[in-house]
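Take a look at the structure set out below.
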Amino acid sequence: MALLPQILPPPRPPPPPSPPPHPFSPAHAFRTAPRLHASGHRRRGRLAASGPGSSPSPSPDQYPSEPDDGLVELPLFPLPLVLFPDATHALHIFEFRYRIMMHTVLDTDLRFGVVFAGSDGASDVGCVGEVVKHERLADDRFFLICKGQERFRVARIVRNKPYLVAAVQWLEDRPPAETPSPGEDAEALAVEVEALMRDVIRIANRLNGKPEKEVGDLRRGLFPTPFSFYVGNTFEGAPREQQALLELEDTAARLRRERDTLRNTLNYLTAASAVKDVFPSSPSSG
């Protein structure tokens, strides 16, 4: 469900879900994202063992399972998309180095890191993708579906051949340092954002000639934090905005940003609907 095709750049035909063909340099691959809060560690230990080439696992001395600095080693897959926690994406793995990575991932804990890669490099904040379904083809390509798990920040690159492996630290939203003003707490913002989403969907359906009907329960009992990720995932066609939302470590701040974007979208759609009512398109003449 895409909510922002009208005021943000329209979605281009999706490129193949593979990173740019050139290898990322450890010194220049990642751009630093602004940090709003200090990040926390969710757990320790490795997400995926990954050895050189296609070997099943590295030696303990080469890649310790619990580094002294508490970081976790994670294979990275730079992609032109943003993965949110609990969201799912279908991927086609065809580039050789990432086929090697998938063999390792599928032989271990099924997890790898997804980072958004744009023209100015890859973001240093991403989301763990867990393989929930896969199909290996005869030529060793893979079709797979991954589901977003925890977020992370890249602390340093461990190696970049045959694919990227980084030491990462987990990111979690922090509770507010001060008591929010009335109507600005995460729960109140989530209620407001859901109402705006309902209005956006209703008017977008009208503009697209779809029958108007009652919009169902969008929140589905979600707490504010997972709901804020759900909303961000609907902003298809605007990956940089999605990346900015993913990087926030404050649920209320994320919901406020989504509220503002939805208000702008609603204003645009309302104006477009009014113009359509005044100047309805005439039937084509045969």
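All of the numbers you see were taken from the coordinates with simple rules; none came from a lab. This is a predicted model, so every value here is computed, not measured. Cβ placement follows ideal geometry from the backbone for every residue including glycine, while neighbour counts extend to all protein chains displayed.
Separation of the range 95-171 from the range 201-258 is 25 Å, based on Cα centroids. Here the contact order of the range 99-220, divided by its residue count and restricted to Cα pairs under 8 Å and six or more residues apart, works out to 13 percent. Across all directions, the average flat footprint of the convex hull enclosing the Cα atoms of the range 89-221 is 13.2 nm². Across the range 148-272, the relative contact order, built from alpha-carbon pairs under 8 Å that are at least six residues apart, equals 28 percent.
Here each label is just a point 7 Å from Cα along the line to Cβ, and for V132 and F96 those points are 3.4 nm apart.
With the simple spin-label model, which puts each label point 7 Å out from Cα in the Cβ direction, the A188 to A274 separation comes to 2.9 nm. Take the alpha carbon gyration tensor of the range 138-286, find the square roots of its eigenvalues, order them as a ≥ b ≥ c, and report rounded if a/c is under 1.5; if not, report prolate when a/b exceeds b/c, else oblate. Verdict is oblate for the range 138-286. Calculated translational diffusion coefficient of the range 193-236 (20 °C, 1.002 mPa s; Stokes-Einstein with Kirkwood radius over alpha-carbon pairs) equals 189 µm²/s.
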